[in-house]
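Novice: What follows is a single structure, and I will ask about it in a moment.
The values are calculated or read from the model by the stated rules, or taken from the named source; none is laboratory data. A quick note: this is a predicted structure, and the numbers were derived from the prediction, not measured. Methodologically, a virtual Cβ is constructed for each residue, glycine included, from the backbone with ideal geometry; neighbour enumeration extends over all protein chains shown. What goes into the accessible areas is simple: the full protein's heavy atoms, side chains included, and nothing from ligands, DNA or RNA. Shrake-Rupley method; radii C 1.70, N 1.55, O 1.52, S 1.80 Å.
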Amino acid sequence: GTSAISFNPKAVLVSRDGKHTYKLIKTIGIPMTPDTRDIRNDETVPFVLYFERLDQGIESFDLFECKSDNGNSCFNVEGMNIDNPADAASSKTN
């Protein structure tokens, strides 16, 4: 069978403390809703999401696309981590 995929343009990254949000800027490989792309059920779809730059010091965040319901399966990921120290100099290696 086939189904249609897309990504919600209102998706955000949210800092783990909930104080900061970062908007989705663009997607590659997956259209933004309301546009869709048909895929086979066994197909793998590589895609890239671009968000606003995280503030320095934000190293743990969640991706929130939307609230899943009976007609919608959303791509939400908790507990994502990156190396993004508050002091940019501390990320340099000697």
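Novice: How many percent of the accessible area of the chain is carbon or sulfur, using a 1.4 Å probe?
Specialist: Looking at the chain in its full context, I get 48 percent from C and S.
Novice: Between the range 8-46 and the range 59-82, what is the separation of their alpha carbon centroids in Å?
Specialist: The two parts, judged by their Cα centres, are 9 Å apart.
Novice: Which of the peptides 71-78, 40-47 is most tightly packed, and how do the rest follow, going by the mean number of other Cβ atoms within 10 Å of each residue? Walk me through the numbers on the way to the answer.
Specialist: Working: 71-78: 11.6, 40-47: 8.8.
Going from most to least packed, we get 71-78, 40-47.
Novice: So, one more: So what are the ³J(HN,Hα) numbers for the range 32-48, from phi and the Karplus equation (6.51, -1.76, 1.60; θ = phi - 60°), rounded to whole Hz, Gly and Pro as x?
Specialist: 8, 4, x, 5, 9, 10, 7, 9, 6, 4, 9, 7, 9, 10, x, 8, 10
Novice: Let me ask you something else. Excluding ligands, DNA and RNA, what is the solvent-accessible area per residue of the chain at a probe of 1.4 Å, expressed in Å²? If you can, show how the numbers build up before the last one.
Specialist: Values: 6850 Å² over 94 residues.
Result: 73 Å² of accessible area for each residue.
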